[in-house]
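Comments concern the structure below.
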Amino acid sequence: MYKKLNTNFYKNVAKLFYAIAAVDKVIKEEEFTALKKIVKKEWLTLDESEDEYSTDAAYQIEFVFEGLQFKGLDAYDCYNEFIEYKNKHSYFFTDQLNSLIMKTADKIASSYAGKNKSELIMLAKLDLNLKTKTS
């Protein structure tokens with residue numbers, strides 16, 4: 001179904017999900033809980049990729065998210081790093097995978113008191129960026 005993904009892919013996706021959660025300057029526990037639920041339900045079954053510890057590589061999404069949160073990195077910097085990665089590795093970003101990325105981002109943004117203006121703007125930008133094909 002997907003070109004074999006790798007830990008670097010998952011780390012960059014984590015940057016995006018962190019950016020969605022952090023764009024309003026506050027990451028709520030509900031946002032991380034929503035992320036963990038969708039990783040377990042949808043991301044773990046994507047492919048057979050493992051990290052160097054023989055753990056499903058999709059768990060990198062959670063690990064990296066927590067690390068970025070601990071460091072308090074800028075949401076827009078993380079978002080832009082994800083877009084750069086997406087543009088350089090467009091072969092990973094099938095319509096099905098883009099749909100899962102949007103679904104995950106939307107669940108994170110919706111998990112606490114609905115979506116606020118900054119989250120809505122970032123989600124709209126993401127949707128446009130995912131629809132833009134690059135080579």
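The values are calculated or read from the model by the stated rules, or taken from the named source; none is laboratory data. Fair warning: this is a prediction, and the values are worked out from it, not measured in the lab. As a convention, Cβ positions derive from the backbone with ideal geometry for all residues, glycine included, and neighbour counts pool all protein chains shown.
Just to verify a result, which residue in region 47-88, among those that are among the polar types (S, T, N, Q) and in contact (Cβ under 8 Å) with a residue 24 or more places away in the chain, is farthest from Lys11 (Cα to Cα)?
Selected residue: Asn87.
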**OP:** Starting from region 12-24, keep only residues that are touching a residue at least 24 places away in the same chain (Cβ under 8 Å), then list their pairs with residues that are among the aliphatic types (A, V, I, L, M) and outside any helix (DSSP H, G or I) whose Cβ atoms are within a distance under 8 Å, requiring at least 6 positions of separation or different chains.
**Re:** Tyr18/Ile27; Tyr18/Leu73; Ala21/Ile27; Ala22/Leu73
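Here is a yes/no grid of residues against (1) at pLDDT 95 or above; (2) under 16 Å from Asn6 (Cα atoms):
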{"position": "Lys36", "(1), (2)": "yes, no"}
{"position": "Glu50", "(1), (2)": "no, yes"}
{"position": "Phe70", "(1), (2)": "yes, no"}
{"position": "Ser90", "(1), (2)": "no, yes"}
{"position": "Lys115", "(1), (2)": "no, no"}
Original post:
Taking the stated definitions as given, is Leu46 under 22 Å from Lys131 (Cβ atoms), touching a Phe, Trp or Tyr at 6+ places or on another chain (Cβ under 7 Å), hydrophobic (A, V, I, L, M, F, W, C) and assigned to a loop (DSSP other than H, G, I, E, B)?
Top reply: yes
**OP:** Would you mind finding the one in Phe63, Phe17 that is surrounded by fewer than 18 Cβ atoms within 10 Å (Cβ to Cβ) and part of a helix (DSSP H, G or I)?
**Re:** Phe63
Original post:
If you go through region 78-86 one residue at a time, do you hit one that is exposed (fewer than 15 other Cβ atoms within 10 Å of the Cβ) and either part of a helix (DSSP H, G or I) or touching a helix residue (DSSP H, G or I) at 6+ places or on another chain (Cβ under 8 Å) (or both)?
Top reply: yes
Original post:
Within region 99-135, restricting attention to residues that are within 14 Å of Val13 (Cα to Cα) and among the β-branched types (Val, Ile, Thr), which residue is farthest from the chain's Cα centre (by Cα)?
Top reply: Ile108
